[in-house]
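Novice: I'd like to ask some things about the structure below.
The values are calculated or read from the model by the stated rules, or taken from the named source; none is laboratory data. Everything quoted here is computed from the prediction, not taken from an experiment. Counting neighbours? That spans all protein chains shown, and the Cβs are built from the backbone with ideal geometry, glycine included. Just so you know, the surface numbers come from the protein's heavy atoms only, side chains and all, with ligands and any DNA or RNA stripped out. Shrake-Rupley method; radii C 1.70, N 1.55, O 1.52, S 1.80 Å.
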Amino acid sequence: MEKYIDKARILIEALPYIHEFKGKIFVIKYGGSAMKDPLLRQNVIMDICLLASVGILPVIVHGGGNDITKLLDEVGQETTFHNGIRLTNDDNVDYVEMMLSGKINKQIVADINFSHGLAVGISGRDGCLVKAELFDAENASMDRVGKICSIETALIETLLNAGYIPVISPIGTDSNGKALNINADEVAGEIANALCAEKLIYLTDVDGVFENDKLISQINAKEASDLIEKGVISGGMIPKVSYCIQSNVDNVHILNGTLEHSILLEIFTQEGIGTKVIKA
Ligand SMILES: Nc1ncnc2c1ncn2[C@@H]1O[C@H](COP(=O)(O)OP(=O)(O)O)[C@@H](O)[C@H]1O
Ligand SMILES: CC(=O)N[C@@H](CCC(=O)OP(=O)(O)O)C(=O)O
C-alpha cells in the first residue's frame, strides 16, 4: 500500500507548481541533439503533453541540426559551421527547409497528437511569424542565413487560445519573401521574449553548461562571455547561452533532453536541474 501512497504524494507535491504555472507560456526549444533516440523522444513528448493537460501553455521551437547535416551529406553537400551557425546559401537552403519544416516539424506534431496532445506545426514563415534579414550580408556562403528583425505572435496566440500546442520550425522570411535559415536557439529566445513567456527551456544533449567536467548550475552574462572567450563554451552551446542572456524571460534553463523526464523534474521539483542562466 505504501508505494501507492508514495505515488499519490508525488502527484500532490506537484500541485503548487501546477497552480502557479497554469495558463502560463513555456517556450521549449527542442534541439536536434536531444531527438536522436526514439524512446527518449517519446519521454520529451509525454512531458510536453502532461504540461498541456495541467493547463500550462507549451510552445515548441525545434531544431534538427544533426538531421540536416545527415541529409546534406547524403546529397553530397559539405556542411560548415561558424560559431554554431550553419553556412547556408542558395545551394543548400531548400534541403534545410525541407528537413526542418517538412520532416522534423511534422514528426513532432504527429508524436504529440499520438500522445493525446493537440499540436499544430508551423514554420517561422507562417503568419509572418519570423521576419528576418541577412545575418552577414558580406558573406556569400551565408546568403541564406537569417537574423531576426521581428516576431509577429498573432498566429501563436490564436493557436494557444484554441487549445493547440504550436510546434515551430526555425525558418524565417526576408523582405523579398525568401526563406532564411535561423538558428533555432535564437528563434526560441525571440519568441519567448515576444510572448513574455514564464519560462524558456533549452533542451539539449548535455546536463547544462560544463567547465572542467563540472556542471555549472547558475551562470551570469560576464561568466558566460569569459567562458566563450576561453573556448570552454563552444559550438552549439554558444548561441544557446548567448540567447539565454539576451532574453527578457526571467527563468531560462539549459536542460538535458536525453535525461528521462527532465522537463518535469525541472518544473515540478524545488531543486531544479541543469544550468540556470541569469542576467546580472
Ligand atoms: N561548456 C560546454 N558545456 C556543455 N556543452 C558544451 C560546452 N561547449 C560546447 N558544448 C557542446 O554543445 C552541444 C550542444 O549544442 P548542440 O549540439 O548545437 O545542441 P542542440 O542540437 O540541442 O542545439 C553539446 O553537446 C556540447 O558538445
Ligand atoms: C543558421 C543555423 O545554424 N540554423 C540551424 C537550424 C537548426 C538548428 O538550430 O538545430 P539545432 O537546434 O538542432 O542545432 C541549422 O541549420 O542547423
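Novice: Going through the stretch 94-127 one residue at a time, which ones are open to solvent by 40 Å² or more (accessible area, probe 1.4 Å) and closer than 15 Å to Tyr30 by Cβ?
Specialist: Listed by number, the residues that qualify are Lys103, Lys106, Gln107, Ala110.
Novice: Of all residues in the stretch 271-280, which are surrounded by fewer than 20 Cβ atoms within 10 Å (Cβ to Cβ) and either among the hydrophobic types (A, V, I, L, M, F, W, C) or over 30 Å from Ile12 (Cβ atoms) (or both)?
Specialist: Ile273, Ile278, Lys279, Ala280 - these are the residues of the stretch 271-280 that are surrounded by fewer than 20 Cβ atoms within 10 Å (Cβ to Cβ) and either among the hydrophobic types (A, V, I, L, M, F, W, C) or over 30 Å from Ile12 (Cβ atoms) (or both).
Novice: Quickly run through the stretch 9-34 and pick out the residues that are of a type in the set (A, V, I, L, M) and away from ligand 1 (no atom under 16 Å from the Cβ).
Specialist: Scanning the stretch 9-34 gives Ile10, Leu11, Ile12, Ala14, Leu15, Ile18, Ile25.
Novice: Quick one: which residue in Thr173, Thr158 is out of contact with any Asp or Glu (no Cβ under 9 Å at 6 or more places or on another chain) and open to solvent by 40 Å² or more (accessible area, probe 1.4 Å)?
Specialist: Matching residue, one of Thr173, Thr158: Thr158.
Novice: With the requirement that a residue be of a type in the set (Ser, Thr, Tyr) and touching a Ser or Thr at 6+ places or on another chain (Cβ under 7 Å), what does the stretch 138-188 give you?
Specialist: Across the stretch 138-188, the qualifying residue is only Ser169.
Novice: Could you please find all residues in the stretch 244-270 being over 18 Å from Asp47 (Cα atoms), in a loop (DSSP other than H, G, I, E, B) and open to solvent by 30 Å² or more (accessible area, probe 1.4 Å)?
Specialist: Asn248, Asp250
Novice: Conditions first: (1) near ligand 2 (Cβ under 7 Å from one of its atoms); (2) open to solvent by less than 40 Å² (accessible area, probe 1.4 Å); (3) part of a helix (DSSP H, G or I). Asn66 passes all but one, so which condition is the exception?
Specialist: (2)
Novice: Give the residues of the stretch 177-231 that are assigned to a loop (DSSP other than H, G, I, E, B), open to solvent by less than 60 Å² (accessible area, probe 1.4 Å), more than 10 Å from ligand 1 (Cβ to nearest atom) and closer than 30 Å to Phe21 by Cα, sorted by residue number.
Specialist: Those that are assigned to a loop (DSSP other than H, G, I, E, B), open to solvent by less than 60 Å² (accessible area, probe 1.4 Å), more than 10 Å from ligand 1 (Cβ to nearest atom) and closer than 30 Å to Phe21 by Cα: Ile182, Ala197, Glu198.
Novice: While we're looking at this one, here's another question. Kindly check whether there is at least one residue in the stretch 16-33 that is within 16 Å of ligand 2 (Cβ to nearest atom), touching a strand residue (DSSP E or B) at 6+ places or on another chain (Cβ under 6 Å) and either polar (S, T, N, Q) or open to solvent by 60 Å² or more (accessible area, probe 1.4 Å) (or both).
Specialist: yes
Novice: Mind counting the residues in the stretch 232-266 that are in contact (Cβ under 8 Å) with a residue 40 or more places away in the chain and β-branched (Val, Ile, Thr)?
Specialist: The qualifying residues number 6.
Novice: Of everything in the stretch 50-63, what is crowded, with 18+ Cβ neighbours inside 10 Å and away from ligand 1 (no atom under 16 Å from the Cβ)? Give them in sequence order.
Specialist: Leu50, Leu51, Ala52, Ile56, Leu57, Pro58, Val59
Novice: Now for a separate question. Looking at (1) out of contact with any Leu (no Cβ under 6 Å at 6 or more places or on another chain); (2) within 27 Å of Thr173 (Cα to Cα), find the lone condition where Met99 falls short.
Specialist: Looking at each condition in turn, Met99 falls short on (1).
Novice: Go through the stretch 144-174 and give me each residue that's basic (Lys, Arg) and touching a Phe, Trp or Tyr at 6+ places or on another chain (Cβ under 6 Å).
Specialist: Answer for the stretch 144-174, where residues must be basic (Lys, Arg) and touching a Phe, Trp or Tyr at 6+ places or on another chain (Cβ under 6 Å): just Lys147.
Novice: Among Asp37, Asp6, Asp47, Asp91, which is more than 24 Å from the chain's Cα centre (by Cα) and either within 16 Å of ligand 1 (Cβ to nearest atom) or surrounded by 11 or more Cβ atoms within 10 Å (Cβ to Cβ) (or both)?
Specialist: Unique residue meeting the criteria: Asp91.
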